[in-house]
Amino acid sequence: MNVIDISHITKDYGEDRGVFDLTFQVRQGEVLGFLGPNGAGKTTTIRQLMGFIRPDQGSLSIHGRDCFHQAHEIQGTLGYLPGEIAFIDAMKGMEFIRFVASMKKMKGLGRAAELLDMFDLKPAGKIEKMSKGMKQKIGIVCAFMQDPEILILDEPTSGLDPLMQNTFVDLILAEKARGKTILMSSHMFEEVEKTCDRTAIIRAGKLAAVEDIDKLRRNKKKVIEVQFETVEMAEQFADKVPGAAVRGKAVSAAVGRELDTFIKQAGSYTVCDINIRSQSLEEFFMHFYGGNQHD
């Protein structure tokens, strides 16, 4: 059963900005990652889901309700974390959380105390003096405290330090185990890889693919740079590796399932150093979907 249905939506801001003929669904009880570079159209799509803007063409619905015409009904029942949170800076953090609870017509503060403890947040001071990370934590508390069945999260770990990013991943996994339906936009592959069942990949406002996360994991490569003893060794090795780049004594290449072969071939020369990192999102797009245009 599809909880969120996005059907052939277009929102054209001109100069190739916006989203174009976008279609994908989020199933009951799944976490779907909405993955793409910054500026690809993720936030534009989410704002249409929340009923803040109307598509030029196509339709969006949540539980069968039209996202624009029935926005008020939808907004009262789901958890939403915007990419840019509109705070009232003069308020104190706890005051803002109470304000949001009253807007949601909650009786009490729901899970707020649990979430404040989870993220080690003491929101006593004024929001205007808080760091980006503290503000993001307040946004997370406000999105989850109602214990909604559906969550729409736009770049939810923006501003969080690595420890709190891991805490957030744990929270998503716990909500997933409870059967929540979650749409989570991100430009961080690792975050999506840890939490999501499927991912909708958007590039330059258009859908590149909807894939099971296992397929993306299998296709993601490591970027390996090997430093050899001589320039000659580097050049000889590079001739054996498709797509390898040579810079002096160093050879770099994106390596996937052929990792064992790559290492054995490099081992036939004198290796002085080796560095390994994961592909960036842009590099992954270039490899998996081809072309050189990304937004």
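A short reminder: the numbers here are calculations on the coordinates, not readings from a lab. Because the structure is predicted, anything quoted here is derived from the model rather than measured. Note that we place each Cβ from the backbone using ideal geometry, even for glycine, and neighbour counts take in every protein chain shown.
Taking 0.36 nm per residue of separation and subtracting the Cα-Cα distance, what length does fully extending Arg111 through Ser7 add? Before the final figure, lay out the partial values.
On the way: separation 104, 0.36 × 104 = 37.44 nm, distance 3.37 nm.
The span from Arg111 to Ser7 would gain 34.1 nm if fully extended.
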At what distance in nm do the modelled label points of Arg27 and Asn275 sit from each other, each positioned 7 Å from its Cα along Cα→Cβ? 4.1
For the chain, what's the relative contact order in percent, using C-alpha pairs closer than 8 Å and at least 6 residues apart? 21
Which pairs, out of Lys105/Lys135; Lys42/Lys135; Lys132/Lys206; Lys107/Lys194; Lys11/Lys215, put more than 24 Å between their alpha-carbon atoms? Lys132/Lys206; Lys107/Lys194; Lys11/Lys215
C-alpha center-to-center spacing [region 27-71, region 212-235] in angstrom: 36
Between the modelled labels at Phe52 and Asp170 (7 Å from Cα along Cα→Cβ) the distance in nm is 3.0
In deg cm²/dmol and to the nearest 500, what is the mean residue ellipticity at 222 nm of the chain if only DSSP H runs of at least 4 residues count, each as -39500 (n - 2.57), divided by the residue total? -9500 deg cm²/dmol
GNM on the chain, C-alpha springs below 10 Å: top fluctuator among Cys196, Cys67, Cys272? Cys272
Kindly state, to the nearest 0.05, the FRET efficiency for Lys132 paired with Glu190, given R0 = 22 Å and r defined as their beta-carbon distance. 0.65
Considering only DSSP states other than H, G, I, E and B, which trypsin sites (Lys or Arg not before Pro) in region 1-43 qualify as loop sites with at most 13 other Cβ atoms within 10 Å? none
Arg217 versus Ala86: modelled label distance in nm, points set 7 Å from Cα along the beta carbon direction: 3.9
Per GNM of the chain with C-alpha springs under 10 angstrom, the most fluctuating residue out of Gly29, Gly256, Gly179 is Gly256
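Antiparallel DSSP bridges in the chain: what percent, to the nearest 5?
Of all bridge pairs located within the chain, approximately 70 percent are antiparallel.
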Exposed GluC sites (Glu not before Pro) absent: longest stretch of the chain, with sites in DSSP loops and at most 10 other Cβ within 10 Å deemed exposed: 85-295
Computed from the coordinates I sent, log10 I(q)/I(0) by the Debye sum over Cα atoms at q = 0.07, 0.10, 0.12, 0.17 Å⁻¹ equals one of [x] -0.26, -0.54, -0.78, -1.50; [y] -0.30, -0.61, -0.85, -1.45; [z] -0.34, -0.63, -0.84, -1.33. Tell me the label. [z]
Reduced to Cα centres, the span from region 82-114 to region 1-22 in Å works out to 30
Please find the FRET efficiency linking His72 to Phe99, where r is the Cβ-Cβ separation and R0 is fixed at 22 Å, and quote it to the nearest 0.05. 0.75
GNM result for the chain, Cα springs below 10 Å: residue of Phe68, Phe34, Phe99 fluctuating most strongly: Phe99
